[in-house]
1. Restricting attention to region 152-190, which residues are of a type in the set (Ser, Thr, Tyr), assigned to a loop (DSSP other than H, G, I, E, B) and either under 15 Å from the mean Cα position of the chain (by Cα) or crowded, with 23+ Cβ neighbours inside 10 Å (or both)?
2. Hey, among 317, 330, which residue is out of contact with any strand residue (DSSP E or B) (no Cβ under 7 Å at 6 or more places or on another chain) and without any contact (Cβ under 8 Å) to a residue 40 or more places away in the chain?
3. Is it true that some residue in region 216-223 is touching a Pro at 6+ places or on another chain (Cβ under 8 Å) and either of a type in the set (Ser, Thr, Tyr) or surrounded by 23 or more Cβ atoms within 10 Å (Cβ to Cβ) (or both)?
4. Looking only at region 205-248, count how many residues are in contact (Cβ under 8 Å) with a residue 24 or more places away in the chain, within 17 Å of the chain's Cα centre (by Cα) and part of a helix (DSSP H, G or I).
5. Out of the residues in region 277-303 meeting the condition of being open to solvent by 10 Å² or more (accessible area, probe 1.4 Å) and of a type in the set (A, V, I, L, M, F, W, C), tell me which one is farthest from residue 129 (Cα to Cα).
6. Pick from 306, 385, 373: which is within 18 Å of residue 189 (Cβ to Cβ) and open to solvent by less than 10 Å² (accessible area, probe 1.4 Å)?
7. Just to be sure, is residue 341 open to solvent by less than 60 Å² (accessible area, probe 1.4 Å), touching a residue at least 60 places away in the same chain (Cβ under 8 Å) and either within 20 Å of the chain's Cα centre (by Cα) or within 21 Å of residue 161 (Cα to Cα) (or both)?
8. I need a count of the residues in region 242-265 that are open to solvent by 30 Å² or more (accessible area, probe 1.4 Å) and touching a helix residue (DSSP H, G or I) at 6+ places or on another chain (Cβ under 7 Å).
Amino acid sequence: MKCENCTKTECSKKQKNQEKSDQADPLVVTDGEEKSEFHRLAEARIFLSDCLACGNCVTSEEGIRIFAQNQKELFKVLALNKKCDSSLHRLVVASVSPQSVPYFAVRFHLSVCEAARKLCGFLKSLGVHHVLDTTIAADFSILETQKDFIRRFKHQTQDEHAFPMFASACPGWVQYAERVLGDSVTPHICTAKSPQQIMGSLVKGYFASHKNLSPDKIFHLTVAPCYDRKMEALREDYYTALYNCRDVDCVLTSGEVLQIMEQRSISIKEVEESPLENVFGGTTCAFVRHEGTSSDGYLAHVFRHAAKELFDVDVKEITYRTLKNKDFQEVCLEKDGETVLRFAAAYGFRNIQNMVLKLRKGKFHYHFVEVLACPGGCLNGKGQAQTIDGKPERALLHEMEEVYTRVPVQNPESNQHVEALYKDWLEGAESQKSRETLHTKYVPSSQSAARPDIKW
């Protein structure tokens, strides 16, 4: 279907390509004389409600690459690992997003910690060798975002793009900014990598070295709440030409993993629990999260850090003020009767569009904005909190938020593993290696042109 807001014919092209794909048998992967069968999973669907009205549909080439980000790629690697030819073997490492675990907790009526151990056990039963806790990657991302904010604040008179500074963790928002908003917005985006891609650097860098393996000998799978992570993993700056491999080889949404369980008729009670691991080779004792009910809490952590670092104010409790709707909130810091910090959280493209319009009119006066493409935040990712017809499962989302808020909160500064990696692997928190490993760049499309007339 070609939606009314598209200016290209890629939508109809994708539908035709999908129809051809549906006619082929996707159930068998052949390698020599052996065949490895796995179940057909539900086809991915794109709905009009997903459209950003940007006129920049995913190209045919990108569509093919995204289609390869599915369970077949994982099972192909697992099948090759069973062969006698060790040159074909790869160490399979899975990283699980903390926003995915509540989905399995609610689906299976488990606590979040139990769900994490069951998910880990299930992935290992498939042939995954290591299932890693990704909290450390989010810690790095938050800490680097904090440093970027402080730098911008101190040099704002020399940098016209210093503020507002936008968070960079959401790939849907980043792609929208690059392809539609262009260089009027991209310089405002924090350069810190998202937790998924920092985890990719850790797995293909530190973890590979720890295992005495080259990066191409590791197959890195991530389990995430949204489909946009698939496109993020395919970005050019996350590819290493020397080893011909990506930092993240395959992304499966939480819903896709659940489909594998259902098609294999797996009873969660029969799955043997296994603890999550860390990049150092040990196991984690508990599942933790960062402050914030639906994301990694960039607003909260950057706000507290900036208040202390810049104004010597210890913020004990953050008070959120809801503006036009529950997905647009602001937080302010006042000192001596003056507002010195003004932060906001903008979730969903309706709020993002309004934010951009105000920015262009010079009426958007915030220092930092935590931007997320999904209304309600990451827990509401379309890869886990959507019905088959593309509508949000509000009851499910509410339950996920409930169980997630009961998970213990960890402060990024308290993670001693982060300090160790800064010192021993990254050659210091301010080193060139740290900058190259933990940061990226954003390249606006030469044809980007936002449409201010779109009504969300």
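The values are calculated or read from the model by the stated rules, or taken from the named source; none is laboratory data. The structure displayed is predicted, hence computed values, not measured ones. We place every Cβ from the backbone using ideal geometry, glycine too, and count neighbours over all the protein chains shown. When the accessible area is computed, the model is the full protein with side chains, heavy atoms only, and any ligands, DNA or RNA have been set aside. Shrake-Rupley method; radii C 1.70, N 1.55, O 1.52, S 1.80 Å.
1. Residue satisfying the conditions is 168 alone.
2. Working: 330 fails: out of contact with any strand residue (DSSP E or B) (no Cβ under 7 Å at 6 or more places or on another chain).
The conditions single out 317.
3. Among the residues of region 216-223, not one is touching a Pro at 6+ places or on another chain (Cβ under 8 Å) and either of a type in the set (Ser, Thr, Tyr) or surrounded by 23 or more Cβ atoms within 10 Å (Cβ to Cβ) (or both), which makes the answer no.
4. 8
5. Restricting to residues being open to solvent by 10 Å² or more (accessible area, probe 1.4 Å) and of a type in the set (A, V, I, L, M, F, W, C), the top hit is 288.
6. None of the others qualify; the one that does is 306.
7. Details: open to solvent by less than 60 Å² (accessible area, probe 1.4 Å): yes; touching a residue at least 60 places away in the same chain (Cβ under 8 Å): no; either within 20 Å of the chain's Cα centre (by Cα) or within 21 Å of residue 161 (Cα to Cα) (or both): yes.
In short, no.
8. So the answer is 3.
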